[in-house]
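Encoded as C-alpha cells, the structure appears first; notes follow it.
The values are calculated or read from the model by the stated rules, or taken from the named source; none is laboratory data. Note that the structure is predicted; figures quoted are calculated from it, not measured. Because the Cβ atoms are built from the backbone with ideal geometry, glycine has one as well, and the counts that use them run over all protein chains shown. Side chains included, ligands, DNA and RNA excluded: accessible areas come from the protein's heavy atoms. Shrake-Rupley method; radii C 1.70, N 1.55, O 1.52, S 1.80 Å.
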Amino acid sequence: ARPQIKDVVNSLNFIIEKKYPAREILIKISIKKLNTIKIMNDLYLTTIFASLFTFIYLFLSFRVGYFRGSPVLKLIFKMNEKINEKKLNRNVRSHGNFSEYVPIFLILLLILEIKNGTPFLYLLTTCFIFLYGRIAHAICFSFFEFNPFLRISGMLCTYLGLGILSFLLIYQLS
C-alpha cells in the first residue's frame, strides 16, 4: 500500500521534533509542499466499469451490424435468414440508449473518484445498480419482443445510478 500524505507529514514532524537544526527549515518547506500536492488515486472503479461497459457496447454494436447485414460480420457469422425490420429497430434503439446513458455515468463516477470523498462501497454499489440497469435494458430490447419487467427495472436502475452519483456530487459541495 502506498503511504498517504498524512503519514509522510507525520514522519517529517517526528524528525523535526528530534531537533536536527540544519534540516529543520528544509523539512518545514517540504511539509508545506506535501500539503499542497494532491496524489491522484488509481481510479479502480472507473477503469473496471469503463472496460465492462465497453465490452457490452461492442456486443451491442456487433449485434446491430449483424442485423444490418454487415459484410465484415458475414465473414464471421452465417447469415441465411431475413431480419425483421422491427427486430433491427429494437437492437438499434438498445445500442443507442446504451450509448446515451453510459458516458454520463462514467463522467460522474470519474469526478467522484478523483475527489476521493465518497466511500468506496457506495460507489461500488451504485456501479452494480447501474450495470444491472444497462444489462437488463439491453437484454429486453435485444432479445425479447416485449418484457416489461426488464425494461422497467433496467431504466429504474439506470436512473437510480445516475441519481445517486449526482446526489453524491452535490452533497460533497456542501
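Tabulated data for the structure shown
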| item | result |
| --- | --- |
| Count of residues meeting criterion [open to solvent by 10 Å² or more (accessible area, probe 1.4 Å), without any contact (Cβ under 8 Å) to a residue 40 or more places away in the chain and closer than 25 Å to residue 168 by Cβ] in segment 107-149 | 7 |
| Single residue of 114, 152, 170, 139 found to be modelled with pLDDT of 95 or more and among the β-branched types (Val, Ile, Thr) | 152 |
| Evaluation of residue 91 against (1) part of a loop (DSSP other than H, G, I, E, B); (2) surrounded by 13 or more Cβ atoms within 10 Å (Cβ to Cβ); (3) not hydrophobic (A, V, I, L, M, F, W, C) (one fails), failing number | (1) |
| Within segment 150-163, considering residues that are touching a His at 6+ places or on another chain (Cβ under 8 Å) and among the hydrophobic types (A, V, I, L, M, F, W, C), the one surrounded by the fewest Cβ atoms within 10 Å (Cβ to Cβ) | 155 |
| Filter result (surrounded by 16 or more Cβ atoms within 10 Å (Cβ to Cβ), among the aliphatic types (A, V, I, L, M) and free of Cβ contacts under 8 Å to residues at least 40 places away in the same chain) within segment 49-77 | 64, 73 |
